[in-house]
Amino acid sequence: MSGYRADAAYWGPEKIVVAMDIGTTQSGVSFLHLSNGARPVVAMVTQWPGQVTAAGMGKIPTLVAYQYGEVQACGEEAVEAFEDDKSTVAHYFKLHLHPDHMKRSLSRPIPPLPPNVTLEQAYTDIMSYMFRHTREFFESRPGYINTNTWSRLQNSMEIILATPNGWDIREQGFLRRVAIRAGLISSSGAETRLTFITEAEASIHFALHHGSIRNWLRQGAMFAVVDAGGSTVDSTLYVCKSAQTPVRLEEVASSKCVQAGGIFVDEQAEIVLKQKFRNSRFGTSEYIAAMTKRLFTAGRSSNVIDFGGPGDTDNAVGVRRGKVSLTAAEVASCFAIPIKDIRDSVRSLIDSRHVQYLVLVGGFGESSYLKQELESAFSTRGVSVVVAEEPSRKAAAEGASIWHITHSVKARAARYTYGMKVRDDYSDKYRERSDLKVTNLDGRVMIEGAFSTWVKKDVVLADDFAHTVPYCRFFSSDSTSILSHLRDISEKVYIWDNAIPPTWALDRQGGPMPGIRHLCTITADLSGLSSSLVPHNGPSGRYYRVDFSVLISLGGTQLSARVQWNDKGVTREGPATIIPDALK
C-alpha cells in the first residue's frame, strides 16, 4: 500500500508527524518522518493485531472491550467480544461526543458505554492502543529497525487529529485532554504541537492524490466533497484557484454536517433483515451482521448479498449457497432516510452555484447505492459524481498527513457568525430594552447584552485571517483591587448559525438568546498594563479605564487568540487561553 510522496524536498528540523482519525466504526493512523533535504512520504499503519488478511488493513474497527472497567482488547481483537456481548464493548462512542444539536437529530438512543467506563476512558484506551502500535509499525519498517528515531524525536512530535465538520472547540478541548492522557503528547506541547483538521478537508487532500481529480481539475472549477463516514456526512464546496502544483483551493460557503452515515443504514437494514428471516436460522445476530456489512455493495440494479458459503441455504426464505436477494424496495428502505438527508444537505450547499463535480469519499462513500442515488439526484444539473480510489484506506487519516505537507486549502468559509456580548452605546436600535439602560462611569449611556460581530457566517477567510477586537473595562476601585481583576480578564465567545447577526447576545435574564450558543471563553492576564493606568474623573467620581484588544485568528483549522495593550506608547502582546464550553 504505497503512500503519497511529496513533489519537493522538505527543508526544516527533523520530526515525526502522526495523524489519527477515530471514526464511529473504523479508525486509522498515518505518519510522516520529515528529514531535512528528503522528499516526505506518507505512510499508513497497515499491520494491526488480530488482522488475518491484507484487505482493509489500513483501518481497524473502533471497538474497545472491557471487563470490570478495565480494557481487555481494542480494534480487531475486540470483535469477538463485541459479537459475544455488545454491552461489554465500547462502540459507536464517538456519538457521545457530538454537540447537543447533532445528538438531537439522532433517530435512536446512543449505545451506552460499558459499566464503569467513561467516554474519556474509551477514547484514551483506543488512542493509546493505536499510538502504541503505530510506534511498533514505524520501528519495524526497513531503515528504522534497531534505531532510536522514534524515541529521539518523540518530544518534538506533532499530532494531527481529524474531526467532523460539526465539531468545534468544545470537542477539540476534550480530545486535547485525551491525547495528553493517552501519552500522544505532553501537556506543555499540546498547545503548539497538536493540530485539528476537519475530516472533509483531510479527505480532499487524500482525494487529490488518490483519485481522478487531477485529471479534470482546472482553475475556476467548482466542486463539492462529500465525506460519508460512519455517523456523519460532511459536505464542503471548493473552488480551484490554481490547478498547478501546488494546488490551491478555497472554500466557497460554510460546510455542512448531517447525521446520515453508514450506521443509520445498518440500523434500518437490521430491522428489514430480522423481519425477513424471523422464522429462519439466518435470523441470528451473527448472520444479520454479516449481511448488513455487505449491503453497501448492493446497487439499485443488483440486490444480491453474498454473506456466507455453500452450506448456507434455505430456499423458503430465498437463501441459496450463502447468497440472498433483496427486493429493490427492501434495499431502498434501508437507504431512504440517510440518502434523503445527504441529498438535502448537498442541495443546500450547491444550489444556485455552477458545480461540476461531486467527489465521494469515506467508508459510506464506497456504497454503490449511495453513488447511484447522488448521480440520479444531481446529474440533471450537469454534476458528475466521482469516487476516490483506494477504498481500503482511511481517507481522513492519510489525508491529514498529506495536508501537513501541501496545505492545498488556502481559505475557509466561516461556519457560524462569531461574536461576543458587549455593553454598547445606547441607540434607537436598542429601544425595545430602553428600560435596561445604564450609565457608564465616564457618563455615557449604555445597554448591556448586545451582540458584537467578529465575522459573519459564509465569509471566506484566508489562512492568515485575524480579527482585532477592541475592548475596554471600567473600574471605580483603587489600583490594588484593579490588579487582581486584570490578572483574570475573560470574555465569552458566542456563535450564531445565521449570516445576519443578531442584535442581542443575551436575553433579559442574562442567558444566551435562542439560537445563540456559548462556544468558549477567552482568558488573559493583563496585569502587565497596571503600571500605565491613569485615573479619570467622571460624574460619579474617580475611575480607571482599561483598554485592550483581542486578536482572533479564525482563518486556519482552529481558533486561537492573543491580547494586545498599549503601555506608555509601546504596544505589548501576550497569550490568551481559550477555554471550551464544558461537556454536558
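Overview of results
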| read-out | value |
| --- | --- |
| Long-range HN-HN contacts of residue 409 with modeled amide H, under 5 Å | 249 |
| Rg to Rh, two decimals, where the stretch 228-384 supplies the alpha carbon set and Rh follows Kirkwood | 1.08 |
| FRET efficiency for residue 508 and residue 566, using Cβ-Cβ distance with R0 set to 25 Å, rounded to 0.05 | 0.10 |
| Span-like helix ranges in the chain, DSSP H, alpha carbon extent 27 angstrom or more, Kyte mean at least -1.0 | 119-139, 328-350 |
| Label-to-label distance, nm, for residues given as residue 577 and residue 438 (7 Å Cα→Cβ offset) | 2.5 |
| Accessible-area composition of the stretch 443-584, carbon plus sulfur, in percent [1.4 Å probe] | 50 |
| For the stretch 435-443, Karplus couplings with θ = phi - 60° (6.51, -1.76, 1.60), whole Hz, Gly/Pro x | 6, 9, 4, 10, 10, 5, 5, 8, x |
| q = 0.08, 0.10, 0.11, 0.12 Å⁻¹: log10 I(q)/I(0) that the Debye formula gives for the chain, counting C-alpha atoms only | -0.63, -0.94, -1.10, -1.26 |
| Cα-derived Rg to Rh of the stretch 198-302, Kirkwood definition | 1.16 |
| Label-point gap, in nm, between residue 154 and residue 241 - each point 7 angstrom along Cα→Cβ | 4.0 |
| Nonlocal amide H pairs with residue 14, under 5 Å, H built at 1.01 Å | 36 |
| Fully extended contour minus Cα-Cα distance, from residue 376 to residue 453, at 0.36 nm per residue | 23.6 nm |
| Principal semi-axes in Å for the stretch 144-183 [√(5λ), Cα gyration tensor, largest first] | 29, 11, 7 |
| Point-to-point label distance, residue 445-residue 468, nm (Cα→Cβ direction, 7 Å offset) | 3.2 |
| Fraction in percent of alpha-carbon pairs per bin - 5 Å, the stretch 18-85 | 4, 15, 21, 21, 15, 10, 7, 4, 2, 1, 0 |
| Residue-wise HN-Hα coupling along the stretch 100-115, computed from phi with Karplus coefficients 6.51, -1.76, 1.60 (Hz; x: Gly, Pro) | 4, 5, 7, 4, 5, 8, 6, 8, 9, x, 6, x, x, 6, x, x |
| Pairwise FRET efficiency - residue 47 versus residue 304, Cβ, R0 = 35 Å, nearest 0.05 | 0.60 |
| DSSP loop chymotrypsin sites (Phe, Trp or Tyr not before Pro) with at most 14 other Cβ within 10 Å: longest gap in the chain | 145-584 |
| Phi to ³J(HN,Hα) by Karplus 6.51 cos²θ - 1.76 cosθ + 1.60 over the stretch 511-528, Hz, x for Gly, Pro | x, x, 5, x, x, 9, 10, 6, 8, 6, 10, 9, 10, 7, 9, 9, 4, x |
| Backbone N within the stretch 215-251 under 16 Å of label point (7 Å from residue 384 Cα along the Cβ vector) | 215-225, 240 |
| Solvent exposure of the chain as accessible area per residue, Å², 1.4 Å probe | 44 |
| √(5λ) per eigenvalue of the Cα gyration tensor, the stretch 113-152, largest first, Å | 31, 9, 5 |
| Kirkwood hydrodynamic radius of the stretch 347-484, Cα pairs, Å | 20.7 |
| Given charges at Cβ of Lys, Arg, Asp, Glu: the stretch 211-339 dipole, positive-most of 334, 211, 280 | 211 |
| Amide H partners (placed H, <5 Å) of residue 212, local residues excluded | 389 |
| Partner aspartates and glutamates for residue 568 [C-alpha distance under 17 Å; skip if fewer than 8 residues away on the same chain] | 547 |
| Potential extension, residue 315-residue 85 segment - 0.36 nm per residue separation minus Cα distance | 79.8 nm |
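The values are calculated or read from the model by the stated rules, or taken from the named source; none is laboratory data. Just so it is clear, the structure is predicted and the values come from calculations on it, not from any experiment. Because the Cβ atoms are built from the backbone with ideal geometry, glycine has one as well, and the counts that use them run over all protein chains shown. The area values use the complete protein model at the heavy-atom level, side chains included, leaving out ligands, DNA and RNA. Shrake-Rupley method; radii C 1.70, N 1.55, O 1.52, S 1.80 Å.
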